[in-house]
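Below is one structure, written out as structure tokens, with a few remarks after it.
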Amino acid sequence: GEVDEEIRVIKRSVRAMKHIAAYALLVLGGTEQPTADDVTKVITACEGEVDEEQLAKLMADLEGKNFAELVDSGLEKIKDIAIGGGGGGG
């Protein structure tokens, strides 16, 4: 039902984030253009499972793009979003 679909969406999102996080770690570690094999090695080194379809989509989306510029662009888009502030102390 509806709950099952929500769970499937969340699982897909988590899988996608895992691949993006591995890619980002590689870039931060000095690999300018990580390959799918590089990302796979990071994920499997952490005993994770690679979703080949998700990884292929990510690699196609990032091909020829500068990851740092993509991150900067994304941060620029969300900079004015209000995120809950802390409560007052006292």
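Just one of the numbered conditions (1) under 19 Å from G64 (Cβ atoms); (2) assigned to a helix (DSSP H, G or I) is not true of M17: (1). Among residues of the range 31-43 that are closer than 15 Å to Q54 by Cα, those with a beta-carbon under 8 Å from a residue that is part of a loop (DSSP other than H, G, I, E, B) at least six positions away or on a different chain give the pairs D38/T31; V39/V50; T40/V50; I43/E49; I43/V50.
When residues in the range 58-70 are screened for being touching a residue at least 24 places away in the same chain (Cβ under 8 Å) and either more than 15 Å from P34 (Cα to Cα) or more than 12 Å from the chain's Cα centre (by Cα) (or both), 1 of them pass. For the range 1-14, enumerate the residues that are outside any loop (DSSP other than H, G, I, E, B) and open to solvent by 70 Å² or more (accessible area, probe 1.4 Å). Those that are outside any loop (DSSP other than H, G, I, E, B) and open to solvent by 70 Å² or more (accessible area, probe 1.4 Å): E2, V3, D4, E5, E6, I7, R8, I10, K11, R12, V14.
If only residues of the range 26-72 that are β-branched (V, I, T) and not in a helix (DSSP H, G or I) are counted, the one that is surrounded by the fewest Cβ atoms within 10 Å (Cβ to Cβ) is T35. Summed over the range 1-27, residues that are basic (K, R) and either touching a residue at least 24 places away in the same chain (Cβ under 8 Å) or in contact with a Lys or Arg (Cβ under 7 Å, 6 or more places away or on another chain) (or both) total 3.
The values are calculated or read from the model by the stated rules, or taken from the named source; none is laboratory data. Remember, it's a predicted structure, so these values are computed and weren't measured experimentally. All Cβ positions, even for glycine, are placed from backbone atoms using ideal geometry, and neighbour counts span all protein chains on display. Note: areas computed on protein heavy atoms with side chains; ligands, DNA, RNA excluded. Shrake-Rupley method; radii C 1.70, N 1.55, O 1.52, S 1.80 Å.
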